[in-house]
Amino acid sequence: MSEVKYSKEHEWIKLDGDVATIGITKHATEMLGDIVFAELPEKGSSVEKDGTAGVVESTKAASDVYTPVSGEVVDTNQAIVDDPSKINQDPEDSAWFFKLKIKDPSEMDTLMNKDDYDKFAKEISA
Amino acid sequence: METKKTSLYQLHQDCNAKFVEFAGYQMPIQYSEGIVEEHKFTRNHSGIFDVSHMGQLFIYGGEDLIKDLEKIFPLDLKNLKLNHSKYSFLMDKDAGIHDDLIITKTKEGFLIILNAACKDNDFKILKEFLEDKYKMVLDQNRSLIAIQGPKSSEILNDVINGVKDLNFMSGNWFTFENQKVYITRSGYTGEDGFEISIVNDFVDQLTRELINKGSKLIGLGARDTLRLEAGLCLYGHDLDKDKTPVEANLKWAISKERISKGDFIGSDIIIKQLNDGVSKIRVGIKPEGRIIAREKTKIFNQSDVHIGEITSGTFGPSVNGPVAMGYVENEFSKKNTKVFLEVRGKKHPASICSLPFYKKSYVKEVN
């Protein structure tokens with residue numbers, strides 16, 4: 001399994017063979033506050049890199065969730081739809097959003113590693 | 001214009017508040033525990049809200065003042081008992097709402113609590129109407145805090161003895177550290193609670209004592225979810241100059257006595273609407289499922305005709321689901337009417353429901 005990569009839109013992505021698991025970062029959940037609603041892409045649908053692939057809402061506002069790479073949605077995490085507070089509790093593991101069969105592995109190269117993302121997140125919240 | 005800070009700013013910082021600008025003030029939107037926990041803590045225990053940005057208008061006068069204020073507000077102020085409060089509105093001649101407010105009869109005259117964003121304009125309107133006949137003070141030297149929730153009476157009474165004997169929507173002067181504080185049993189959460197007017201220099205000490213007794217500071221975020229579950233209106237969203245109290249379904253707040261005579265600002269329209277009905281009216285709206293329909297969401301009927309708009313919508317932590325209110329054409333305002341809400345381009349089913357979403361727990365009669 002490859003290392004976890006991160007996008008500027010605060011998604012994380014973990015590649016296992018040609019299937020990527022995608023969720024939102026802990027930093028994102030801290031900015032959003034209590035998440036009370038999640039909407040995921042449909043299984044079987046295709047999503048394009050940097051396109052919208054879901055929505056999360058806090059008590060305050062709605063935010064789009066983007067996909068950091070292109071591919072076909074092969075699985076979604078119904079558990080976070082049923083209980084969105086799981087996203088605040090464990091954003092970078094059990095509260096993943098969707099899995100993609102990726103189209104172009106080279107898209108992974110455009111993303112940040114953990115150190116770069118942490119630095120990026122710190123800069124924008126400063 | 002520089003944003004103002006309330007006298008509790010330091011305490012908010014000490015409690016790790018996240019701030020937002022609201023009506024020209026730096027106000028806490030939430031603290032470290034977050035909106036959902038703060039909301040639940042208020043419902044189950046006791047929460048303190050800094051509402052010092054709101055206007056505290058003292059108007060001094062006697063019989064003449066009562067007569068003059070009755071020309072403005074649709075209230076029977078003559079028969080209002082000393083230290084009793086009423087919810088009311090400042091309207092224009094077309095009964096459009098400039099502001100909603102709480103007015104309390106005091107020994108010296110009246111105390112009116114005004115919304116932060118409206119207070120300066122309200123002051124101008126009232127001063128002009130009252131033609132400078134009375135001393136009017138929009139008091140900058142006093143802070144206002146609310147303590148809300150089932151444990152609040154016990155906690156506040158421990159610090160300021162006697163408050164537990166106040167009835168709902170009534171108040172009195174008490175003392176704290178030799179300072180005169182005016183306390184009413186009222187609030188904006190649907191819970192039992194109090195609002196406390198105290199000089200700026202002592203509000204920090206009082207609030208810290210209440211926190212030591214087990215209450216917690218609660219931000220504007222939870223204040224909004226609490227009031228919406230309680231079915232209470234927020235000015236600038238559910239109420240504004242394009243809506244009348246009858247359309248806002250607040251006719252209970254208009255004195256029947258005064259309607260028969262009809263000599264207050266906006267009375268022509270109010271009487272006409274009470275007799276003929278209104279074309280749009282405020283209702284509660286319960287979305288099916290978990291979808292949240294926020295302010296400005298369009299409402300459609302079952303034939304896909306646009307019939308209204310959401311004015312407030314969020315997730316209600318105590319209801320554990322989405323809650324909303326808005327205005328619909330009168331013929332679609334009946335309870336259980338099926339409607340559709342357009343969120344992100346898709347229509348989602350919802351139904352018209354009665355308010356509140358969460359049962360109010362006001363303490364009606366203590367003595």
Jot down the radius of gyration and Dmax of segment B:1-65, Cα atoms only, both in angstrom.
15.8, 50
Scaled radius of gyration (Cα, divided by 2.2 N^0.38 Å) that segment B:178-230 gives
1.25
Long-range amide H contacts for B:MET91: which residues qualify at under 5 Å (H placed 1.01 Å from N, peptide plane, sequence gap of 5 or more or a different chain)?
B:HIS98
Long-range amide H contacts for B:ARG142: which residues qualify at under 5 Å (H placed 1.01 Å from N, peptide plane, sequence gap of 5 or more or a different chain)?
B:ASN200
Chain A, relative contact order [Cα under 8 Å, separation at least 6], %
30
Report, by chain and number, residues whose modeled amide H sits under 5 Å from the one on A:TYR66, excluding near sequence neighbours (fewer than 5 apart, same chain).
A:ALA53
Computed ³J(HN,Hα) along segment B:201-206: with the Karplus parameters 6.51/-1.76/1.60, θ = phi - 60°, integer Hz and x for glycine or proline, the list is 5, 10, 5, 5, 4, 4
Springs between alpha-carbon atoms under 10 Å, Gaussian network over chain B: tell me which of B:SER153, B:SER303, B:SER85 tops the mean-square fluctuations.
B:SER303
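Tell me which trypsin sites (Lys or Arg not before Pro) from segment A:1-108 have a DSSP coil assignment and no more than 12 other beta carbons within 10 Å of their own. Please report the intermediate quantities before stating the final value.
Numbers: sites: A:LYS5, A:LYS8, A:LYS14, A:LYS26, A:LYS43, A:LYS49, A:LYS60, A:LYS86, A:LYS99, A:LYS101, A:LYS103; in loops: A:LYS8, A:LYS43, A:LYS49, A:LYS60, A:LYS103.
Within segment A:1-108, the qualifying trypsin sites (Lys or Arg not before Pro) (loop, at most 12 other Cβ atoms within 10 Å) are A:LYS43.
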Could you list, bin by bin from short to long, the percent of Cα-Cα pairs of chain A in 5 Å steps?
2, 12, 24, 25, 21, 12, 4, 0
Filtering GluC sites (Glu not before Pro) in segment A:41-126 by DSSP loop and by at most 12 other Cβ atoms within 10 Å leaves A:GLU42
Relative contact order for chain B using alpha-carbon pairs under 8 Å, separation at least 6, rounded to a whole percent?
18
Restricting the calculation to Cα positions, tell me the Rg (one decimal) and the Dmax (whole number) of segment B:309-367 in Å.
14.5, 54
In debye, nearest 20, what is the charge dipole magnitude of segment B:1-231 about its Cα centre with +1 on Lys and Arg Cβ and -1 on Asp and Glu Cβ, if you could check?
340
Residue-wise HN-Hα coupling along segment B:61-70, computed from phi with Karplus coefficients 6.51, -1.76, 1.60 (Hz; x: Gly, Pro)
x, x, 4, 4, 4, 4, 4, 5, 5, 5
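Report the antiparallel proportion of the DSSP beta bridges in chain B as a percent, rounded to a multiple of 5. Kindly include the intermediate steps, with their values, before the conclusion.
Values: 77 of 82 bridges.
Here the share of antiparallel DSSP bridges comes out near 95 percent.
Using the structure shown, select from B:LYS67/B:LYS261; A:LYS114/B:LYS18; B:LYS78/B:LYS359; B:LYS280/B:LYS334; B:LYS18/B:LYS86 the pairs with a Cα to Cα distance greater than 23 angstrom. Could you put the intermediate results ahead of the total?
Working: B:LYS67/B:LYS261 13 Å; A:LYS114/B:LYS18 26 Å; B:LYS78/B:LYS359 32 Å; B:LYS280/B:LYS334 12 Å; B:LYS18/B:LYS86 33 Å.
In this structure, A:LYS114/B:LYS18; B:LYS78/B:LYS359; B:LYS18/B:LYS86 lie more than 23 Å apart at Cα.
Could you tell me what fraction of 2.2 N^0.38 Å the Cα radius of gyration of the protein assembly as shown comes to, as a two-decimal ratio? List each step's numbers first, then the result.
On the way: Rg = 25.4 Å, N = 493, 2.2 N^0.38 = 23.2 Å.
In units of the 2.2 N^0.38 Å rule of thumb, it is 1.09.
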Calculated over chain B: convex hull of Cα atoms, volume per residue (Å³)
140
Relative contact order (%) - criterion: Cα under 8 Å, at least six apart; region: segment B:75-117
32
Taking a quarter of the surface of the Cα convex hull of segment B:233-367, what do you get in nm²?
10.2
For segment B:279-353, what does the convex hull of the Cα positions come to per residue, in cubic angstrom?
75
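Rounded to whole Å and ordered largest first, report the semi-axes of the equivalent ellipsoid of segment B:171-262 derived from its Cα gyration tensor (root of 5λ). Please report the intermediate quantities before stating the final value.
Working: eigenvalues 205, 72, 26 Å².
That gives 32, 19, 11 Å for the three semi-axes.
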With the cut-off at 27 Å, tell me which of the pairs A:LYS26/B:LYS338; B:LYS151/B:LYS364; B:LYS256/B:LYS335; B:LYS71/B:LYS251 have Cα atoms farther apart than that.
A:LYS26/B:LYS338
Applying the Karplus parametrisation 6.51 cos²θ - 1.76 cosθ + 1.60 with θ = phi - 60° to the phi angles of segment B:97-112, what ³J(HN,Hα) value in whole Hz is obtained for each residue in order, glycine and proline being reported as x?
8, 6, 6, 10, 7, 10, 10, 10, 7, 10, 4, 8, x, 9, 10, 10
Of B:ASP132, B:ASP224, B:ASP76, the most mobile residue in a GNM of chain B (C-alpha springs, cutoff 10 Å) is B:ASP132
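Bear in mind these aren't lab numbers, they're just calculated from the coordinates by the rules spelled out. In this text, all values refer to a predicted model and were calculated from it rather than measured experimentally. Quick reminder, even Gly has a Cβ in these numbers, built from the backbone with ideal geometry, and neighbours come from all protein chains shown.
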